[in-house]
1. Suppose we keep only residues that are open to solvent by less than 20 Å² (accessible area, probe 1.4 Å) and at pLDDT 95 or above within the range 172-183. Which one would you say is nearest to PRO134 (Cα to Cα)?
2. Of all residues in the range 285-297 being touching a Pro at 6+ places or on another chain (Cβ under 8 Å) and over 10 Å from TYR239 (Cα atoms), which is most open to solvent (accessible area, probe 1.4 Å)?
3. Do we have ARG33 as among the charged types (D, E, K, R), touching a Pro at 6+ places or on another chain (Cβ under 8 Å), open to solvent by less than 70 Å² (accessible area, probe 1.4 Å) and on the phi < 0 side of the Ramachandran plot here?
4. For the range 41-58: of the residues being of a type in the set (A, V, I, L, M, F, W, C) and either in contact with a strand residue (DSSP E or B) (Cβ under 8 Å, 6 or more places away or on another chain) or assigned to a helix (DSSP H, G or I) (or both), which is surrounded by the most Cβ atoms within 10 Å (Cβ to Cβ)?
5. Taking the range 159-171, which residues are surrounded by 15 or more Cβ atoms within 10 Å (Cβ to Cβ) and either in a loop (DSSP other than H, G, I, E, B) or in contact (Cβ under 8 Å) with a residue 60 or more places away in the chain (or both)?
6. Would you tally the residues in the range 184-207 being farther than 17 Å from SER82 by Cα, open to solvent by 50 Å² or more (accessible area, probe 1.4 Å) and among the acidic types (Asp, Glu)?
7. Restricting the range 90-108 to residues that are among the hydrophobic types (A, V, I, L, M, F, W, C) and crowded, with 22+ Cβ neighbours inside 10 Å, which is farthest from LEU231 (Cα to Cα)?
8. Return the residues of the range 225-263 that are in contact with a Ser or Thr (Cβ under 8 Å, 6 or more places away or on another chain) and not β-branched (Val, Ile, Thr); say none if nothing qualifies.
Amino acid sequence: MKRALITGITGQDGSYLAELLLEQGYQVFGVVRRSSTLNFERIAHIQDQLELVPADLADQNSLFYALQQTEPDEVYNLAAQSFVQTSWSQPILTGDVTALGVTRMLEAIRIFNKNIRFYQASSSEMFGKVQAVPQSEDTPLYPRSPYGVAKVYGHWATVNYRESYDMFAVSGILFNHESPRRGLEFVTRKVSDAVARIKLGLAKEVRLGNLDAKRDWGFAGDYVRAMWLMLQQEQPDDYVIATGETHSVEELVQVAFSHVGLEWRDFVVQDPRFMRPAEVDLLIGDPAKARDSLGWQPAVDFEELVKMMVDADLERHHRARHMDSYAAGV
């Protein structure tokens, strides 16, 4: 039985990856940080099948001990300070965890057992001020935030350890990937949650910024399959994971509202507070290498993704309302 260690297991990607690995017959271990609030909501349904170990990307020794405890065949490094906006107010923390944390894990693997296969979660934010459209593995990187800079550091640290120490270390350059488990601060989930609340009479409007902004959006469940496939290859390499399509925020709200039989223009308010001073350049990935070398392609298209997220939020609010009524004795 293969053994895998996942950092960031309580996040969106970590939870879907844990499900996939369990389905593949792995013994799955997850790194959790000791913090004042532990949130296991995304893995609650599989928590009894996982073994969680305490460690922190900011603490080198804890990572080494985690490897000793779990003796994994594969390590998936999904943990990070992962919010672009936060990286501006906490650039040092972002660099310490999102950049140096990668080196700490790679170094722990090199010392403990350099035959462990390592996956690094790179990001389309590394392209930032894009130098080519669409973006491929060969597109020059030009990050435009402390988060993007930190991800570039982690990406090149992974390449460096692969080439210097002959380690099986790969990076997946993932474009936007969403799901019902996405945080409410992301625009896709902000829209799906608002549509559900409006449909149920819990809200009257949703305030958004630039409706013309375009993104390459895919389903997180598809993208974690690409992560796993990268570590099953004979040779380590880096891959762009994307749909190769872009959709505007306006398309997002149109699909979401029409799914519940509402006209989006009646409920969407453009709010200058949510406008970016400078819109991020067009991010659209070229997944040709992943398709040809890994045999990977997304199974869920854009409309299916949006409808899935709206349905999940409708169910969640239905359930919450039922529980509130039950508690009130209604």
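The values are calculated or read from the model by the stated rules, or taken from the named source; none is laboratory data. This structure is a prediction, so every number in the text was calculated from the model and none was measured. Cβ placement follows ideal geometry from the backbone for every residue including glycine, while neighbour counts extend to all protein chains displayed. Just so you know, the surface numbers come from the protein's heavy atoms only, side chains and all, with ligands and any DNA or RNA stripped out. Shrake-Rupley method; radii C 1.70, N 1.55, O 1.52, S 1.80 Å.
1. Going through the qualifying residues, I end up with PHE175.
2. GLN297
3. Spelling it out, it is not the case that ARG33 is among the charged types (D, E, K, R), touching a Pro at 6+ places or on another chain (Cβ under 8 Å), open to solvent by less than 70 Å² (accessible area, probe 1.4 Å) and on the phi < 0 side of the Ramachandran plot.
4. ALA55
5. VAL159, ARG162, MET167, PHE168, ALA169, VAL170, SER171 - these are the residues of the range 159-171 that are surrounded by 15 or more Cβ atoms within 10 Å (Cβ to Cβ) and either in a loop (DSSP other than H, G, I, E, B) or in contact (Cβ under 8 Å) with a residue 60 or more places away in the chain (or both).
6. The total comes to 1.
7. Result: VAL97.
8. Hits for the range 225-263 are GLN233, ASP237, ASP238, TYR239, ALA242, LEU252, ALA256.
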